[in-house]
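The values are calculated or read from the model by the stated rules, or taken from the named source; none is laboratory data. Just so it is clear, the structure is predicted and the values come from calculations on it, not from any experiment. Here the Cβ is made from the backbone with ideal geometry for all residues, glycine too, and neighbour counts use every protein chain on show. Quick note on the areas: whole protein, heavy atoms, side chains included, nothing else; ligands and nucleic acids left out. Shrake-Rupley method; radii C 1.70, N 1.55, O 1.52, S 1.80 Å.
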Amino acid sequence: MKVPLRWLSDYVEIPIPAAKLVERLTLAGLEVAGVRLVGVPAPEGLVVRDDAPRPVWDRDKVLIAEVLEVKKHPDADRLLLVTVNYGKQPHQMVTGATNLKVGDKGQKVVVALSGAVLLDGYANPPVLKQLKPTKIRGILSDAMVCSARELGISDEHEGIIILENDAPVGMPLVDFMGDIVLDIDVLPNMARCLSLIGVAREVAALTGGTLKAPPTRSFAVSTEPFAEVAIEDPRLCPRYSATLIRNVAIGPSPGWMQRRLTLAGMRPINNVVDITNYVMLEWGQPLHAFDHDLLVQRASKGKPRIEVRPARAGEKLVTLDGQTRQLTPEHLVIADTRGPIALAGVMGGADTEVTASTRNVLLEAASFDFVSIRRTARAFDLPSEASLRFSRGVHPDLVSSAALRAAELFAQLAGGQVVGSVESYPAPLPPQVVTLPLSEIRRSLGIELPVVEVKRILHALEFTVEEAGSGSLRVTTPPHRLDIQHGVADLIEELVRIHGYDQLPATLLREQLPRQRTNWPLVLEERVRDILATCGLQEVMNYSLTTVEREAPLVGPGVEYVRLANPVTVERSVMRRSVLASVLESAASNLRHVQGLRLFEIGFVYLPRAGEKLPEEPRRLAIVMTGPRQPEFWDSPTKPPLLDFFDLKGVVEALLAELHVPSAEFRPAQATWLHPGRSAEVRITDDLIGCFGQLHPGLNEHFGLGRRDVLVAEFDLELLLAKVPRRHAIQPIPEFPPIRQDIAVVLDEAVPAARVEAEIRAGGGELLRDVKLFDVYRGPNLPEGKKSLAFALTFQALDRTLTDKDAAKVQQKIVGRLERLLGARLRA
């Protein structure tokens, strides 16, 4: 919200410096994100956040002048000689302004004398330049009439600024229209401040001033049957008003209005559009103008019937931007007997647009359901100043104030005759009354606010306050406020905002802080992140929203989902049940730009619970790896090998080892989304922790992964971390050398290598330091149905140097155990 202080001062006196005002507004919840200076020097202490160069209008060199004569340049077809009076002797200069012509006189313009510093209108990017005398086609010109761009007001450079007729000749321009514009970030709960009057209320409360609302006069209720108004659903449209203004003369709006709109960030168009925008910025109530004669032509009986209703299935509307919009019952529309004429609160229709030939205007002022307007604006990607205000809530009581103000401006600036208004207001909002215990203020803020100060602040914000007895106040919210939803808490927030957060004293807790306790779920989760990052994986964070179709291959058909009632897009309509699907989506996006990646995500899934409003939200760990094992090197004769199942298995083993998880076991996986011969499941004490392996090749196209081997894993992180011991034994570094021996055993094909390794460790006891499988053989010299597994064994003692005899004795026990339990035999 851009707020010119000169305009703001029409509604409230500003008794404090601009720098102090910026500080007070920011502390009160209206953060000033930027400050723009228009012709004025930077006030002391004010931090100007504006990257563009801005000229300062010299009081003696940039003045208001009156055109005395315009004549043709004797040696140039497109140049003119302009003589002006700026309070001293007449002054002649050369100009190429396109909005002056030979014979003009009497216009009020801005003249800059030699030495003035202005923006170079032709430089890109713009730069400041000092005006110097120069000959232009043989005629000396030591001054210039200025455009808006040269003065740093806007980018308009086609013609010079023409001021209003009553602009005082000789006055320094900085006194006439110099300004400071505050760019305020208005949060959703402060939507009432999306207007000059809303900001003025805050300033009045912060400075002890008085709000000066613009004067309006009432107009008689029309007896002329110029229109009917009907509302189908008061929940979607609490109030709708239509005002008829006849004999409107469409033309440019006055200079003061154009300047204010420009500084507020809106482009002046004509007096009809500018008046509706001006009142919207002033009151925060969006308006829309229809061509009444076009509505009459569309009406079957000569009197238009305006109806606010949801669109019917199959209806269409051509909006002001020329686009044809396909409507659904989710879209609120303004309609007549022939169909929709506007998207309510978003954009008007082309069939009833105000044009240069319009003479009779039907002015709409209404209040709409903010959720409906937000949904429509997003559906059609039509953000606007009007939809911004409606989507944050506009109180129905603003309708009459804004309509009366606009009608008066139509009469003053467009020569219109206000016929009257018709409206429908089927469900007026009742006043909201809150009982405010004074003790609750002290309990919430920790300070004692005097009753006088409480009443002063609430009165300044236009609340009505009455004594309620028993140390309480009865507070009635003003008619422009929709944000007092939480009663006492909201009122206390208003009190501390205006009193000043910086005025709250710093205090320490009287009680001793409780002893810090370890948050084991968080600690272990961070430990998993550290381990995977050390293994070369990169963490990603994805949306928790997805579609049923995207996850179907991973979770199966017919499962229940947590569904969004009002999704932003159909691509984000349900809460996910699989983290792996989200990581695969990220992988597909990134693989368009890189050859390989190694990603993981720790996140929540959302599992509906029968009879419960809220779902179960367990954590899951997902991993996706694909691409070359290491980067390609220029000196390497061959390309590096691709990642395979065993690379992923190594990451999983490293994770389990670093977490000190005991007795982890790998078994063939049964998951249909994994390659049947290149996958495994992890079990700990027979509990299934998760699965990993190569993604089934048939799913590559579904996830947009192309023709490549993709390694994936998904684990139940809650179950995995529950298996992590809180403490684990740490062995000292051995002082004595190890003995390394290899053994190879022949056994049935069905016996998994993990089972063999477990039995070797059990048989080796404390002297067996490490076991590594280094070879698997199937083929000649082995009976059918048999395989050979070769293991490297490391023997080491902590208290002595082992002999070959010690190692042979342990190896003999291992071989005996394998023969006895697994039917294995030592391979020669």
Of every hundred units of 1.4 Å-probe accessible area on the chain, the number belonging to carbon and sulfur atoms, as a percent, is 51
At the level of C-alpha centres, the distance separating the stretch 190-218 and the stretch 612-648, in angstrom, is 59
Spatial separation of Cα centroids for the stretch 122-174 and the stretch 492-541, in angstrom:
56
Which Cα, out of ALA750, TYR240, GLY106, lies furthest along the positive dipole direction of the chain (beta carbon charges, K/R +1, D/E -1)?
ALA750
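Can you tell me the relative contact order of the chain? Whole percent, Cα pairs under 8 Å, sequence separation 6 or more. If you can, show how the numbers build up before the last one.
Values: 1626 pairs, mean separation 66.4, N = 828.
It comes to 8 percent, rounded to a whole number.
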Helix-only mean residue ellipticity at 222 nm, the chain, DSSP H runs n ≥ 4 weighted -39,500 (n - 2.57), per residue, nearest 500. What is it?
-7500 deg cm²/dmol
Taking amide H positions as placed 1.01 Å from N in the peptide plane, with prolines and chain starts having none, which residues 5 or more places from ARG239, or on another chain, fall under 5 Å of its amide H?
SER367
Taking loop as defined by DSSP and a crowding limit of 13 other beta carbons within 10 Å, which trypsin sites (Lys or Arg not before Pro) in the stretch 82-114 fit?
LYS88, LYS101, LYS105
Heavy-atom accessible area per residue of the stretch 62-177, all protein chains kept, 1.4 Å probe, expressed in Å², is 50
Charges only on Cβ, +1 for Lys and Arg, -1 for Asp and Glu: so what's the dipole of the stretch 62-177 about the Cα centre, in debye to the nearest 20?
440
In the chain the DSSP beta bridges are antiparallel at a rate, in percent to nearest 5, of 95
Taking 0.36 nm per residue of separation and subtracting the Cα-Cα distance, what length does fully extending LEU509 through ASP75 add?
147.9 nm
With the 8 Å Cα cutoff and a minimum separation of six or more residues, the stretch 433-501 has a relative contact order in percent of 38
Highest to lowest packing among 273-285, 697-709, scored as the average C-beta count within 10 Å
273-285, 697-709
Quick one: dipole size for the chain, taken about the Cα centre, charges +1 on Lys/Arg Cβ and -1 on Asp/Glu Cβ, in debye to the nearest 20.
760
Efficiency of FRET from Cβ geometry, THR518 and LEU642, R₀ 51 Å, rounded to 0.05:
0.80
Set Lys and Arg Cβ to +1 and Asp and Glu Cβ to -1, take the dipole of the chain about its Cα centre, and tell me which of VAL579, GLY536, LEU721 lies farthest positive.
GLY536
What are the ³J(HN,Hα) values, in whole Hz, obtained from phi via the Karplus relation 6.51 cos²θ - 1.76 cosθ + 1.60 with θ = phi - 60°, for each residue of the stretch 410-425 in sequence order, with x given for Gly and Pro?
4, 5, 6, 9, 10, x, x, 10, 6, 7, x, 10, 10, 8, 10, 9
I'd like to compare 632-643, 327-338, 383-394, 519-530: which one has the highest average count of other Cβ atoms within 10 Å, and what's the full order after that?
383-394, 327-338, 519-530, 632-643
Relative to the first principal axis of the alpha-carbon coordinates of the chain, what is the inclination of helix 520-534, with its axis defined by its Cα atoms, in degrees from 0 to 90 and to the nearest 10?
80
Please compute the length gained on full extension between LYS88 and ASP742, using 0.36 nm multiplied by the number of residues separating them and subtracting their Cα-Cα distance.
224.5 nm
Rounded to 0.05, the calculated FRET efficiency for the beta carbons of ASP804 and ASP770 at R₀ = 25 Å is 0.90
In nm, spacing of pseudo-spin labels at TYR777 and ALA33 (7 Å Cα→C-beta vector):
7.2
If you fit an axis through the alpha-carbon atoms of helix 196-207 and take the longest principal axis of the Cα set of the chain, what angle between them do you get, 0 to 90°, nearest 10?
80
Tell me, what is the FRET efficiency for GLU440 and ARG726 to the nearest 0.05, using R0 = 41 angstrom and their Cβ-Cβ distance as r?
0.40
With unit charges on the beta carbons (Lys and Arg positive, Asp and Glu negative) and the dipole taken about the Cα centre of the chain, which residue among ALA249, PRO55, GLY765 sits farthest to the positive side?
GLY765
Over the stretch 189-251, give the accessible area per residue in Å² for a 1.4 Å probe, as an integer.
40
Calculate one ³J(HN,Hα) per residue across the stretch 376-390 by plugging θ = phi - 60° into the Karplus curve 6.51 cos²θ - 1.76 cosθ + 1.60, and present them in order as whole Hz with x for glycine and proline.
5, 4, 6, 4, 9, 6, 10, x, 7, 4, 5, 5, 4, 6, 4
Give the long-range amide H neighbours of SER147: residues separated by 5 or more places, or on another chain, with amide H under 5 Å away, using H modelled in the peptide plane at 1.01 Å from N.
ILE161
Using heavy-atom solvent-accessible surface (probe 1.4 Å) with all chains present, what is the largest-first order of LEU717, LEU5, LEU826?
LEU826, LEU5, LEU717
Tell me, what ³J(HN,Hα) does each residue in the stretch 119-128 have, in order and in whole Hz, if you take phi through Karplus 6.51 cos²θ - 1.76 cosθ + 1.60 with θ = phi - 60° and put x for Gly and Pro?
7, 6, x, 10, 7, 9, x, x, 9, 7
Taking Cα atoms only, helix 579-590 is inclined relative to the longest principal axis of the chain by an angle, in degrees rounded to 10, of 70
As a test question: what accessible area, to the nearest 10 Å², does GLU571 have when a 1.4 Å probe is rolled over all protein chains in place?
90
Under unit Cβ charges (Lys, Arg +1; Asp, Glu -1), what dipole magnitude, rounded to 20 debye, does the stretch 433-501 have relative to its Cα centre?
60
